[in-house]
Amino acid sequence: MFDDHSETLSSIFEESGKITKAQLDDAWAEHTEIGKAFTDVLEDAGYFVKDEILKLAANHLGVRFVGEIPETIDGSLIRLISAAQAHKYGIVPYDADADRIYFLTKDPFNFSINEELSFVLKRDVELSVANPALIDEIIVKYYGEENSSMDQILSEIEGLDLGGDDENSLSNSASQAPIIRFVDVVLQEAVKAKASDIHFEPFEGEFRIRYRIDGALYEMTPPPASLANSVTARVKVMSGLNIAERRIPQDGRIKTTVGGRPIDIRVSTLPTQFGESVVMRILDKGVVNLDLENLTMTDEIMDGIRSLVNRPNGIFIVTGPTGSGKTTTLYSALREVNTVDVKILTAEDPVEYEIEGIMQVQINHQVGLTFASALRSFLRQDPDTIMVGEIRDQETGSIAIQAALTGHVVLSTLHTNDAPGAVTRLVDMGLESFLIAASLEGVLGQRLLRRICRDCKVAYEPDQAVINMLQVDPLEIAEKQFYYGKGCSTCNKTGYKGRQGLFELMMINDPIRELITKKAPTLVLKQRAIENGMRTLRDDGLRCIFDGLTTIEEVLKYT
């Protein structure tokens, strides 16, 4: 939990005087390079022991540090919260007085826990810092294993009267404890598995729940079909949607805490033949590190992006299919210029991650707040850098060009197959080719593919037919090694764990501007960009194969 707040901790450690700025920078570099927890790096290097880190955090927050946790905790305290709440928030009550209840927490930086507990318990609450591993042991000791509750919940639900399909019945069933706990456990499992989406899908005779992990869908044990309406109603209540309205799609948002850390969830409902399909997009800030250094791109491409966002004006476009990480790349690029002397405005549909220091605007088509109207208003707000979620039409594109030509840096996305295709898409929208040539500075094409699981990675000799599909010179791969994942418990027998980005960056120089003005086809633009040094998505895929990061099949699938 602490490593979700590594930047805050870094400043706390520096103020302690026990470590120099240079040592902190070295530790931070190791943390970002190999993905090792920041506090673990500092402990292993001998700068701090675990209790020192916890005490520093407690002093900074002005709360208690509990070094020795009581062997037994009074049952009246334990009964104050349910097992689901203990696992959900990562907390356990250990003391109380006339004024307040004291909880041990795995994440003292998450202030929303305090507010939510105070509201639920109708008492003042104080969070205390303790070793997260010890808190986990106590939670299991007094509340049981988190996973053991799913069968128990389903057995409880079997005896419930879930009522009919009218609004009152749905409202009542959505507020019943087993239904609430069922949805909470589904969320906990999804967050633990680092799923990006949860799909609730009603069919004629079954109710399917699927998680999207590393871009692939996995089905969990299906609950009874009779739960579909109640579970959907519960999700709609949590996201502030109208449970009585089941004829039109609805969109909502949930802010909650899972496993002791804040989670933001986007909810989308869609009426189908057998009920409402619900998709929950999980935005977990603890998983997504919005930093260019962590986007698995080459130094050459990273330097190119930095130069583009630090230019005085111009348009930088990130392109790729839905779910290829475009928004994450744009956020990471914005963080490069998010300083006190730069005014940044964004128009997003929806706002995915809230970033301190950036003015973010949520698009609302119902009241006429479109990308175009937001962008037009931005120009009157004296910004330096503007991000537009997507250039969807000629009007938005025209204003983006106008903004770029009048001294602003504009970042946006497009849905095209590769970087050179972005130019053709803009021309097809009806934008003048000479204005595109004058304002466009660079286009990044990207894909996300699955990484081979480190725990079960093995070398192998692929079939010649598969190698032929890569269309590479046999001499180029003569000494190369190929890998795949055998499948293990770490990766759920899939052979893949985590994702890897593929990137191609087309920098716009004078020869390419000339081709754009002449409305040259995409293939001609691509050939010139390659001559100018652009590595294509396929080339970057080969790099990932030869570095043992991914498989031939993944690269062929996405390029």
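The values are calculated or read from the model by the stated rules, or taken from the named source; none is laboratory data. Not measured: the values here are computed from a predicted model. As a convention, Cβ positions derive from the backbone with ideal geometry for all residues, glycine included, and neighbour counts pool all protein chains shown. In case anyone asks, the SASA skips ligands and DNA or RNA and just uses the protein heavy atoms, side chains included. Shrake-Rupley method; radii C 1.70, N 1.55, O 1.52, S 1.80 Å.
Looking at segment 126-142, I want the residues that are over 21 Å from R100 (Cβ atoms) and have a partner that is surrounded by fewer than 17 Cβ atoms within 10 Å (Cβ to Cβ) with Cβ atoms under 6 Å, at least 6 apart or on another chain. Which pairs are those?
That search, which allows pairs on different chains as well, returns L134/I69.
Consider V278 against the criteria (1) open to solvent by less than 40 Å² (accessible area, probe 1.4 Å); (2) under 21 Å from R212 (Cβ atoms); (3) free of Cβ contacts under 8 Å to residues at least 60 places away in the same chain: it satisfies all of them except one. Which criterion is unmet?
Every condition holds for V278 apart from (3).
Quick check on segment 264-272. Is at least one of its residues open to solvent by 30 Å² or more (accessible area, probe 1.4 Å), among the hydroxyl-bearing types (S, T, Y), touching an Asp or Glu at 6+ places or on another chain (Cβ under 9 Å) and modelled with pLDDT under 90? Don't jump to the end; show me each part of the working.
The first filter runs over segment 264-272 and keeps only residues open to solvent by 30 Å² or more (accessible area, probe 1.4 Å), leaving 266, 268, 270-272.
This time we only want the ones that are among the hydroxyl-bearing types (S, T, Y), so: 268, 272.
Subset that is touching an Asp or Glu at 6+ places or on another chain (Cβ under 9 Å): 268, 272.
Going one step further and asking which of them are modelled with pLDDT under 90, we end up with none.
Checked segment 264-272: no residue is open to solvent by 30 Å² or more (accessible area, probe 1.4 Å), among the hydroxyl-bearing types (S, T, Y), touching an Asp or Glu at 6+ places or on another chain (Cβ under 9 Å) and modelled with pLDDT under 90.
Among the candidates A459, A419, A438, single out the residue that is under 20 Å from N532 (Cβ atoms) and either surrounded by fewer than 14 Cβ atoms within 10 Å (Cβ to Cβ) or under 25 Å from the mean Cα position of the chain (by Cα) (or both).
Values: A459 fails: under 20 Å from N532 (Cβ atoms); A438 fails: either surrounded by fewer than 14 Cβ atoms within 10 Å (Cβ to Cβ) or under 25 Å from the mean Cα position of the chain (by Cα) (or both).
Among A459, A419, A438, only A419 is under 20 Å from N532 (Cβ atoms) and either surrounded by fewer than 14 Cβ atoms within 10 Å (Cβ to Cβ) or under 25 Å from the mean Cα position of the chain (by Cα) (or both).
Search segment 185-207 for residues that are assigned to a loop (DSSP other than H, G, I, E, B) and pair each with any residue that is of a type in the set (V, I, T) and surrounded by fewer than 20 Cβ atoms within 10 Å (Cβ to Cβ) when their beta-carbon atoms are under 8 Å apart and the residues are at least 6 apart or on different chains.
K194/V287
Looking at A133, A83, A98, which is the one that is in contact with a Phe, Trp or Tyr (Cβ under 7 Å, 6 or more places away or on another chain) and among the small types (G, A, S)? First the steps, then the outcome.
Details: A133 fails: in contact with a Phe, Trp or Tyr (Cβ under 7 Å, 6 or more places away or on another chain); A98 fails: in contact with a Phe, Trp or Tyr (Cβ under 7 Å, 6 or more places away or on another chain).
Just one listed residue meets the conditions, A83.
Go through segment 197-210 and count every residue that is under 13 Å from V186 (Cα atoms) and of a type outside the set (F, W, Y). Break it down stepwise before answering.
Here is the first cut: in segment 197-210, the ones under 13 Å from V186 (Cα atoms) are 197-200, 208-210.
Within this subset, residues satisfying the condition of being of a type outside the set (F, W, Y) are 197-199, 208-210.
Count: 6.
How many residues are of a type in the set (V, I, T), touching a strand residue (DSSP E or B) at 6+ places or on another chain (Cβ under 6 Å) and farther than 20 Å from N509 by Cα when one looks only at segment 282-336?
Qualifying residue count, segment 282-336: 3.
Tell me, yes or no, whether segment 395-406 has at least one residue that is within 23 Å of the chain's Cα centre (by Cα), within 19 Å of T346 (Cβ to Cβ) and open to solvent by 60 Å² or more (accessible area, probe 1.4 Å). Full working, then the answer.
At the first step, the residues of segment 395-406 found to be within 23 Å of the chain's Cα centre (by Cα) are none.
Within segment 395-406, none of the residues are within 23 Å of the chain's Cα centre (by Cα), within 19 Å of T346 (Cβ to Cβ) and open to solvent by 60 Å² or more (accessible area, probe 1.4 Å).
Can you tell me which residue is nearest to V129 (Cα to Cα) among those in segment 68-89 that are small (G, A, S) and surrounded by 13 or more Cβ atoms within 10 Å (Cβ to Cβ)? Lay out the reasoning, then the answer.
Narrowing segment 68-89 to residues small (G, A, S): 75-76, 82-84, 86.
Of the ones still in play, those that are also surrounded by 13 or more Cβ atoms within 10 Å (Cβ to Cβ) are 82-84, 86.
Values: S82: 21, A83: 20, A84: 21, A86: 15 Å.
It comes out as A86.
Answer with yes or no whether D251 is at pLDDT below 90 and out of contact with any Cys (no Cβ under 8 Å at 6 or more places or on another chain). Before you say what the answer is, go through the steps one by one.
Working: at pLDDT below 90: no; out of contact with any Cys (no Cβ under 8 Å at 6 or more places or on another chain): yes.
When the stated conditions are applied, D251 does not pass them.
Can you pull out the residues in segment 208-224 that are charged (D, E, K, R) and touching a residue at least 40 places away in the same chain (Cβ under 8 Å)? Reasoning before the result, please.
Within segment 208-224, the subset charged (D, E, K, R) is 208, 210, 212, 214, 219.
If the condition is that a residue be charged (D, E, K, R) and touching a residue at least 40 places away in the same chain (Cβ under 8 Å), then D214 is the only one that fits.
Does I516 meet the test of being closer than 30 Å to L435 by Cα and either within 24 Å of the chain's Cα centre (by Cα) or surrounded by 20 or more Cβ atoms within 10 Å (Cβ to Cβ) (or both)?
Details: closer than 30 Å to L435 by Cα: yes; either within 24 Å of the chain's Cα centre (by Cα) or surrounded by 20 or more Cβ atoms within 10 Å (Cβ to Cβ) (or both): yes.
Answer is yes for this residue.
How many residues does segment 345-358 hold that are touching a helix residue (DSSP H, G or I) at 6+ places or on another chain (Cβ under 6 Å) and part of a strand (DSSP E or B)?
Going through segment 345-358 one residue at a time, the tally reaches 2.
So, L505, is that one touching a residue at least 24 places away in the same chain (Cβ under 8 Å), open to solvent by less than 60 Å² (accessible area, probe 1.4 Å), of a type in the set (A, V, I, L, M, F, W, C) and at negative phi or not? Talk me through it step by step, then tell me what you get.
On the way: touching a residue at least 24 places away in the same chain (Cβ under 8 Å): yes; open to solvent by less than 60 Å² (accessible area, probe 1.4 Å): yes; of a type in the set (A, V, I, L, M, F, W, C): yes; at negative phi: yes.
Yes: the conditions hold for L505.
List the strands (runs of 3 or more DSSP E) that sit entirely inside segment 239-341 and contain at least 2 residues that are within 30 Å of A174 (Cα to Cα) and among the hydroxyl-bearing types (S, T, Y). Spell out how you get there, then give the answer.
On the way: elements: 250-258, 261-272, 275-283, 314-319.
In segment 239-341, the matching strands (runs of 3 or more DSSP E) lie at 250-258, 261-272.
Got at least one residue in segment 364-382 being assigned to a loop (DSSP other than H, G, I, E, B) and either open to solvent by less than 40 Å² (accessible area, probe 1.4 Å) or in contact (Cβ under 8 Å) with a residue 40 or more places away in the chain (or both)? Please lay out each step first, then the result.
Restricting attention to segment 364-382, the residues satisfying the condition of being assigned to a loop (DSSP other than H, G, I, E, B) are 368, 370, 382.
Remaining after also requiring either open to solvent by less than 40 Å² (accessible area, probe 1.4 Å) or in contact (Cβ under 8 Å) with a residue 40 or more places away in the chain (or both): none.
Among the residues of segment 364-382, not one is assigned to a loop (DSSP other than H, G, I, E, B) and either open to solvent by less than 40 Å² (accessible area, probe 1.4 Å) or in contact (Cβ under 8 Å) with a residue 40 or more places away in the chain (or both), which makes the answer no.
Within segment 528-556, can you find the residues that are in contact with a Pro (Cβ under 7 Å, 6 or more places away or on another chain) and farther than 24 Å from D510 by Cβ?
Correct list: I552 only.
Name the single residue, out of those in segment 307-355 being crowded, with 23+ Cβ neighbours inside 10 Å and in contact with a Gly (Cβ under 7 Å, 6 or more places away or on another chain), that is nearest to T424 (Cα to Cα).
Step by step, filter segment 307-355, then rank; the result is T319.
Could you grab the pairs with beta carbons closer than 8 Å, sequence gap of 6+ or different chains, first residue in segment 62-74 and without any contact (Cβ under 8 Å) to a residue 24 or more places away in the chain, second one open to solvent by 60 Å² or more (accessible area, probe 1.4 Å)?
none
Looking only at segment 173-184, how many residues end up being within 15 Å of S226 (Cβ to Cβ), part of a helix (DSSP H, G or I) and open to solvent by 10 Å² or more (accessible area, probe 1.4 Å)?
Counting residues in segment 173-184 that are within 15 Å of S226 (Cβ to Cβ), part of a helix (DSSP H, G or I) and open to solvent by 10 Å² or more (accessible area, probe 1.4 Å) gives 1.
In segment 194-201, is there at least one residue being touching a strand residue (DSSP E or B) at 6+ places or on another chain (Cβ under 7 Å), at pLDDT below 90, among the basic types (K, R) and within 26 Å of L117 (Cα to Cα)?
Checked segment 194-201: at least one residue is touching a strand residue (DSSP E or B) at 6+ places or on another chain (Cβ under 7 Å), at pLDDT below 90, among the basic types (K, R) and within 26 Å of L117 (Cα to Cα).
For residues in segment 8-64 being among the basic types (K, R), over 27 Å from V125 (Cβ atoms) and surrounded by 13 or more Cβ atoms within 10 Å (Cβ to Cβ), which is modelled with the highest pLDDT?
If we filter segment 8-64 for residues that are among the basic types (K, R), which is where we start, we get 18, 21, 36, 50, 55, 64.
Adding the requirement that they be over 27 Å from V125 (Cβ atoms) leaves 18, 21, 36.
Cutting the leftovers down to surrounded by 13 or more Cβ atoms within 10 Å (Cβ to Cβ) gives us 18, 36.
On the way: K18: 80, K36: 66.
Among those residues, the one meeting the criterion is K18.
If you take the residues of segment 243-263 that are over 19 Å from Q362 (Cβ atoms) and without any contact (Cβ under 8 Å) to a residue 60 or more places away in the chain, which of them is most open to solvent (accessible area, probe 1.4 Å)?
R247
Can you say whether T296 is buried (at least 20 other Cβ atoms within 10 Å of the Cβ), of a type in the set (S, T, Y) and within 30 Å of A29 (Cα to Cα), as far as the supplied structure shows? Before you say what the answer is, go through the steps one by one.
Details: buried (at least 20 other Cβ atoms within 10 Å of the Cβ): no; of a type in the set (S, T, Y): yes; within 30 Å of A29 (Cα to Cα): yes.
Taking the combined requirement at face value, the residue does not satisfy it.
When you scan segment 322-372, how many residues do you find that are of a type outside the set (A, V, I, L, M, F, W, C), closer than 18 Å to T296 by Cα and under 18 Å from the mean Cα position of the chain (by Cα)? Working first, answer last.
Within segment 322-372, the first condition is being of a type outside the set (A, V, I, L, M, F, W, C), and the residues that meet it are 322-329, 331-332, 335-336, 338-339, 341, 343, 346, 348-350, 352-354, 356-357, 360, 362, 364-366, 368, 370.
Checking which are closer than 18 Å to T296 by Cα leaves us with 323-329, 331-332, 335-336.
Retained after the next criterion (residues that are under 18 Å from the mean Cα position of the chain (by Cα)): 323-329, 331-332, 335.
Of the residues in segment 322-372, 10 are of a type outside the set (A, V, I, L, M, F, W, C), closer than 18 Å to T296 by Cα and under 18 Å from the mean Cα position of the chain (by Cα).
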